[in-house]
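In what follows, a structure is listed as structure tokens, so that the remarks can point back to it.
The values are calculated or read from the model by the stated rules, or taken from the named source; none is laboratory data. Keep in mind the model is a prediction, meaning the values are calculated, not measured. No Cβ is skipped: glycine too gets one built from the backbone with ideal geometry, and neighbour counts run over all protein chains shown.
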Amino acid sequence: MPTDSLYTLYPEISPYHATWIERPRGHKIYVELSGNPHGKPIIFLHGGPGGGTSPKQRQFFDPKHYQIILFDQRGCGQSKPLGETNGNTTQDLLSDMEAIRKHFDIKRWIIFGGSWGSALALAYATQYPETIKALILRGIFLSRKTELDWFLDEVKAFFPEAHQTLLDFLPDDKRDDLVKNYSELVFSNDLKISGPASIAWNRFESGLLKLLPQAEGNKILTDEDIQNEIARARVQLHYIKDQCFIDGKKILEEANQLKDIPTTIIQGRYDMVCPPITAYELYQCMPHANFIMVPDAGHSASELSMTSELVKATNHYRALA
């Protein structure tokens, strides 16, 4: 639905079904369905690790055509327990996706994943290729050391103020290992310690998301907001500490096995969270993919040009048998 040559989000919709699926280690995974109950299944994989879904994410998809599946990964969003990291690895998330697919009796579906969601999509695709009709991947992330080094240190070449603010939260002798030392604070049982540390950690990433970052207002956070900030930071740090429990090099090596799966790779040229080199390297391993470098976008899916390309891609795959 082009408007001035750009595709825009579909109108807001509400789920027609929402539930929690019980999983091992005490996790209950929130899953919702919206759009057409008899439509083509498409599942949205949110970022983070530690993010969650939001109503706006339903709007990337034509609700008349798609059965839209959103779920909150373990420890995230409306899944329970919030912020839980025990029994929370990538393999657990892949198992949860299979449980969702079988719970709703879906034979094959389209996977739509951005940022950390792109890594999860590729990890799933290399294990369960027979279940996938198509892949739509944005802001590619494979959690290799080079990518984590960029995010935790080298990005200061472009965002020195934001990186210095992240460092300044810690004492001078605690700045050598950001993941370890932030984790000690974020996992504290004292909310006066874990709350501010989590907010500092999360704001660093949020300040890098857009091509033209906007200054954050001094929003007063509720107790619920603070609990969500802590949960997000805990899950993300838990994953980063173990390189997100994936082998990015292995995923690249296995990506050529996905040559029969229609794929679109969409990357912001000025993505400061997940630099474009990773998307380009993935495309070299998946030359059959439609590779789109968005010239005026950063990492966020909400920038106009990025949103347009994502909606255009979901519209394109409506024609799949």
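With respect to the conditions (1) of a type in the set (S, T, N, Q); (2) buried (at least 22 other Cβ atoms within 10 Å of the Cβ); (3) more than 17 Å from LYS133 (Cβ to Cβ), ASN256 lacks only one, and its number is (2).
If I filter region 34-49 for residues that are surrounded by fewer than 17 Cβ atoms within 10 Å (Cβ to Cβ) and either closer than 17 Å to GLY117 by Cα or among the basic types (Lys, Arg) (or both), do I get at least one hit? No, region 34-49 contains no residue that is surrounded by fewer than 17 Cβ atoms within 10 Å (Cβ to Cβ) and either closer than 17 Å to GLY117 by Cα or among the basic types (Lys, Arg) (or both). If you check SER5 against the conditions, is it more than 23 Å from the chain's Cα centre (by Cα) and either on the phi > 0 side of the Ramachandran plot or surrounded by 17 or more Cβ atoms within 10 Å (Cβ to Cβ) (or both)? It is true that SER5 is more than 23 Å from the chain's Cα centre (by Cα) and either on the phi > 0 side of the Ramachandran plot or surrounded by 17 or more Cβ atoms within 10 Å (Cβ to Cβ) (or both). On the stretch given as region 98-144, residues that are more than 19 Å from the chain's Cα centre (by Cα) and either crowded, with 23+ Cβ neighbours inside 10 Å or β-branched (Val, Ile, Thr) (or both) total 2. Checked against (1) surrounded by fewer than 21 Cβ atoms within 10 Å (Cβ to Cβ); (2) in a loop (DSSP other than H, G, I, E, B); (3) of a type outside the set (A, V, I, L, M), ARG318 passes all but condition (2).
Among the residues of region 187-207, none is identified as at pLDDT below 95, out of contact with any helix residue (DSSP H, G or I) (no Cβ under 6 Å at 6 or more places or on another chain) and in a loop (DSSP other than H, G, I, E, B).
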